[in-house]
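The values are calculated or read from the model by the stated rules, or taken from the named source; none is laboratory data. Model, not experiment: these values are computed from the prediction. Cβ coordinates were reconstructed from backbone atoms using ideal geometry, including for glycine residues, and neighbour counts include every protein chain displayed.
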């Protein structure tokens, strides 16, 4: 359930979110066009950091909403799962790592969609979240598949 009064994405969230795509897009382009073996691990590291951030957003929502009982365990619990997935992805061979991270970002988006249907979040949050996931996951997929 969203709050209709906050449908415009705040400029800092939009610009910083889009700016966060620069390492994904730039790293993918550098990997594809140079085939330099340094770029896949760099993309995997950045993807893991961003995946951790995606999970941390749920920690913030849980702190704000103060759920109790099972809801608290679910919300706080989910908030740490993306970081753990990212860490596991770093143990893979670099091309497999970036492909797994792309999938993990999409998985996190699907979980966010489920939370957004049942809980309060700003109306601008999910459209921005979708855009950033498309940009980041597409970049990781391109780098992994075209290496």
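Within the stretch 43-53, is even one residue without any contact (Cβ under 8 Å) to a residue 24 or more places away in the chain, closer than 26 Å to residue 124 by Cβ and loosely packed, with under 14 Cβ neighbours inside 10 Å? Can you show your working first?
Here is the first cut: in the stretch 43-53, the residues without any contact (Cβ under 8 Å) to a residue 24 or more places away in the chain are 46, 53.
After this cut, where a residue has to be closer than 26 Å to residue 124 by Cβ as well, the list is 46, 53.
If we keep only those that are loosely packed, with under 14 Cβ neighbours inside 10 Å as well, we get 53.
Scanning the stretch 43-53 turns up at least one residue that is without any contact (Cβ under 8 Å) to a residue 24 or more places away in the chain, closer than 26 Å to residue 124 by Cβ and loosely packed, with under 14 Cβ neighbours inside 10 Å.
For the residues 16, 21, 40, 90, the requirement of being surrounded by fewer than 17 Cβ atoms within 10 Å (Cβ to Cβ) and touching a residue at least 40 places away in the same chain (Cβ under 8 Å) singles out 90.
Of the listed requirements (1) farther than 18 Å from residue 112 by Cα; (2) assigned to a helix (DSSP H, G or I), residue 52 misses just one: (1). Looking only at residues in the stretch 58-74 that are free of Cβ contacts under 8 Å to residues at least 40 places away in the same chain and within 18 Å of the chain's Cα centre (by Cα), the one that is farthest from residue 133 (Cα to Cα) is 62.
Filter the stretch 93-118 for residues that are surrounded by fewer than 16 Cβ atoms within 10 Å (Cβ to Cβ) and over 12 Å from the mean Cα position of the chain (by Cα); which is modelled with the lowest pLDDT? Step by step, filter the stretch 93-118, then rank; the result is 118. Criterion first (modelled with pLDDT of 95 or more, closer than 23 Å to residue 19 by Cα and part of a helix (DSSP H, G or I)) does residue 40 satisfy it? So residue 40 fits the description; yes.
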